[in-house]
Structure formats: C-alpha cells, structure tokens
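Undergrad: Starting off with a structure, shown below.
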Amino acid sequence: MNRCAPALLWFACAVQTSWVIINNASLHRSPGLDPPGVIILAVFTAYAGAHRRWRWLSVLARILMAAEFLLAVCDRFGVFGSPGTSGVSWGDFPHFVDYTRSMTTFLPGGAAPTLAVLATIAEIILGVALLLGLRLQLAALAAALLLAIYGTSMTISLPAVEQFHYDVFVLCAGMLTLATLPHASRIADWALVKLLGRPSGSVPARSQFTGPQIRAGREAPLEVRASTQPAVPRPRS
C-alpha cells in the first residue's frame with residue numbers, strides 16, 4: 001500500500017492535468033481554468049514526487065484538504081453569499097440537499113436530507129482533524145474514503161467530468177498517500193518544531209548504554225548497572 005498510494009496519486013494528477021489541458025484547449029466547460037483547482041493540482045503533483053524528501057508538503061497537503069472541507073461547509077450555510085452569488089456553489093443548506101439528491105440518483109430521494117447532514121458532520125470533523133493534525137493517519141484515511149464515495153457518486157449520477165471540477169480523485173489519492181506514510185502522526189509536530197525553531201528536545205535521545213537497553217518496568221542487567229555507577233573510594237585501613 002505504501003507504494004501503491006503514491007502511484008495512484010501520480011495517475012490521478014496525470015489524468016487531472018490532461019483534463020485541464022483538453023478542457024481549456026477545446027471543450028471550454030465551466031468553470032474553466034480554476035485558480036484554486038490549479039493550486040491543488042500543483043501541490044499534490046509535487047507531493048506525489050517529493051512527499052518523503054520534503055515533509056512540509058504533507059503539512060501543506062492536509063491543510064489544503066482541511067480548507068476544502070471547511071470552506072465547503074461554510075458555503076452551504078451561506079457564509080460567502082446567497083444562492084446565485086458569483087463564486088458560491090450552494091448558498092444555503094436546502095440547495096446543498098438538492099445537490100446531494102442529484103448526485104445520489106441511485107438511492108431513494110428521501111435519503112438526501114440525511115445524507116447531506118451526515119456529509120456535513122463528516123466534513124467538519126475531518127476538516128478540524130486534518131487542520132490540527134489530530135489522529136492524522138485515521139483522519140486522512142477517512143477523508144480518502146469519503147472523497148472516493150463523492151467521486152463515485154458524481155461519476156454515476158452526474159456527467160463523468162463533474163468530478164474534475166473539484167479535483168476529487170486527486171484529493172482522494174493524496175489523502176490515501178498521507179495515510180500510508182510512516183510516522184504520519186508526527187508530521188504536524190515536526191513541522192511546528194521547524195517553524196518555531198525549537199530545539200529537538202522532544203525527540204527521545206538515544207540511550208547511553210551500548211549493551212542491553214532498559215525496558216519499561218525492568219531493571220538494567222547487573223553488569224550494566226555496575227558499569228554506570230560511579231566508583232566509590234574504599235576507606236583506608
């Protein structure tokens with residue numbers, strides 16, 4: 001999985017890049033060259049190639065994903081304007097329920113309000129978790145699953161190109177890559193240490209013993225303790 005996830009991200013970025021080029025060259029489907037979409041594509045393409053070398057890209061990737069979730073929630077509650085305002089996708093929750101119904105045509109229409117509420121709750125929880133780096137591997141894996149559901153639903157119920165407007169599968173593969181990184185839960189702490197210039201005192205130092213190590217709840221072997229204790233001078237007779 002550790003090798004498959006970056007490969008999937010490379011493939012998703014290649015397909016998304018091809019779509020952007022073809023759409024702007026000949027198809028001219030709305031929204032066209034979307035600056036936020038281009039930024040997301042550029043960041044996750046760089047992340048696919050250098051996520052192990054430049055760990056700060058992992059921080060940037062999860063912050064972008066968190067922003068996508070939280071800004072989408074703000075949109076559906078009218079924070080950016082009413083329905084029909086330029087740059088606003090929904091503008092209120094009833095319009096988001098209608099959109100949910102349109103992308104789940106394979107389910108009963110009455111399920112749309114419940115699905116819209118569940119999706120909103122999930123996006124708030126995952127957005128906050130990714131932003132703060134809480135349970136990062138679990139949050140990234142859950143975000144990848146949620147985005148996979150979104151992308152599949154869009155492909156089935158809407159025109160297949162609809163998911164390209166939201167970089168759904170690029171974000172999905174990016175979160176899957178983040179979830180499979182070793183020590184992903186420490187990425188946020190590492191970035192803060194670098195950003196604030198703190199000494200790496202939080203990282204446990206290596207043991208001074210070259211022999212057997214002291215384990216929790218156990219004493220060091222007798223020869224190790226004897227070698228590390230200071231010599232006590234013998235009293236003169």
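Undergrad: Only one of Thr85, Thr17 is free of Cβ contacts under 8 Å to residues at least 40 places away in the same chain and under 18 Å from Ala160 (Cα atoms); which? Working first, answer last.
TA: Numbers: Thr85 fails: under 18 Å from Ala160 (Cα atoms).
The unique qualifying residue is Thr17.
Undergrad: Look through Glu123, Glu68 and report the one residue that is in a helix (DSSP H, G or I) and touching a residue at least 60 places away in the same chain (Cβ under 8 Å). Talk me through it step by step, then tell me what you get.
TA: On the way: Glu123 fails: touching a residue at least 60 places away in the same chain (Cβ under 8 Å).
Of Glu123, Glu68, the one residue that is in a helix (DSSP H, G or I) and touching a residue at least 60 places away in the same chain (Cβ under 8 Å) is Glu68.
Undergrad: For Leu118, indicate whether it is modelled with pLDDT under 95 and either assigned to a helix (DSSP H, G or I) or loosely packed, with under 14 Cβ neighbours inside 10 Å (or both). Before the answer, list the steps.
TA: Details: modelled with pLDDT under 95: no; either assigned to a helix (DSSP H, G or I) or loosely packed, with under 14 Cβ neighbours inside 10 Å (or both): yes.
No: the conditions fail for Leu118.
Undergrad: I would also like to ask the following. Could you please tell me which pairs satisfy a Cβ distance under 9 Å, a separation of 6+ or placement on different chains, a first residue in the stretch 128-152 that is in a helix (DSSP H, G or I) and of a type in the set (Val, Ile, Thr), and a second residue that is surrounded by fewer than 18 Cβ atoms within 10 Å (Cβ to Cβ) and modelled with pLDDT of 95 or more?
TA: Matching pairs, first to second residue: Val128/Leu70.
Undergrad: Has the stretch 43-52 got at least one residue that is over 20 Å from the mean Cα position of the chain (by Cα) and surrounded by fewer than 13 Cβ atoms within 10 Å (Cβ to Cβ)? Working first, answer last.
TA: Within the stretch 43-52, the first condition is being over 20 Å from the mean Cα position of the chain (by Cα), and the residues that meet it are none.
Taking every residue of the stretch 43-52 in turn, none turns out to be over 20 Å from the mean Cα position of the chain (by Cα) and surrounded by fewer than 13 Cβ atoms within 10 Å (Cβ to Cβ).
Undergrad: Collect the residues in the stretch 153-173 that are assigned to a loop (DSSP other than H, G, I, E, B) and crowded, with 18+ Cβ neighbours inside 10 Å, keeping them in residue-number order. Show your work before the answer.
TA: So the first thing to find is which residues in the stretch 153-173 are assigned to a loop (DSSP other than H, G, I, E, B), and the list is 158-159, 167.
The answer is Asp167, and nothing else.
Undergrad: On the basis of being at pLDDT below 95, buried (at least 16 other Cβ atoms within 10 Å of the Cβ), touching a Leu at 6+ places or on another chain (Cβ under 6 Å) and basic (Lys, Arg), does Arg55 make the cut?
TA: Values: at pLDDT below 95: yes; buried (at least 16 other Cβ atoms within 10 Å of the Cβ): yes; touching a Leu at 6+ places or on another chain (Cβ under 6 Å): no; basic (Lys, Arg): yes.
Criteria not met by Arg55.
Undergrad: Is one or more of the residues making up the stretch 184-195 within 23 Å of Arg62 (Cα to Cα), exposed (fewer than 10 other Cβ atoms within 10 Å of the Cβ) and modelled with pLDDT under 55? Can you show your working first?
TA: So the first thing to find is which residues in the stretch 184-195 are within 23 Å of Arg62 (Cα to Cα), and the list is 184-195.
If we keep only those that are exposed (fewer than 10 other Cβ atoms within 10 Å of the Cβ) as well, we get none.
Among the residues of the stretch 184-195, not one is within 23 Å of Arg62 (Cα to Cα), exposed (fewer than 10 other Cβ atoms within 10 Å of the Cβ) and modelled with pLDDT under 55, which makes the answer no.
Undergrad: Counting only residues that are of a type in the set (D, E, K, R) and in contact with a Lys or Arg (Cβ under 9 Å, 6 or more places away or on another chain), how many does the stretch 124-144 have? Step through it out loud before you land on a result.
TA: If we filter the stretch 124-144 for residues that are of a type in the set (D, E, K, R), which is where we start, we get 135.
Now restrict to residues that are in contact with a Lys or Arg (Cβ under 9 Å, 6 or more places away or on another chain): none.
Qualifying residue count, the stretch 124-144: 0.
Undergrad: Return a yes/no flag: does the stretch 77-99 have any residue that is of a type in the set (Phe, Trp, Tyr), closer than 22 Å to Thr45 by Cβ and buried (at least 17 other Cβ atoms within 10 Å of the Cβ).
TA: Looking only at the stretch 77-99, we keep the residues that are of a type in the set (Phe, Trp, Tyr), and these are 77, 80, 90, 93, 96, 99.
Now restrict to residues that are closer than 22 Å to Thr45 by Cβ: none.
No: the stretch 77-99 contains no residue that is of a type in the set (Phe, Trp, Tyr), closer than 22 Å to Thr45 by Cβ and buried (at least 17 other Cβ atoms within 10 Å of the Cβ).
The values are calculated or read from the model by the stated rules, or taken from the named source; none is laboratory data. As the structure is a prediction and not an experimental result, all values here were calculated from the model. Ideal geometry is used to build each Cβ from the backbone, glycine not excepted, and the neighbour counts take in all protein chains shown.
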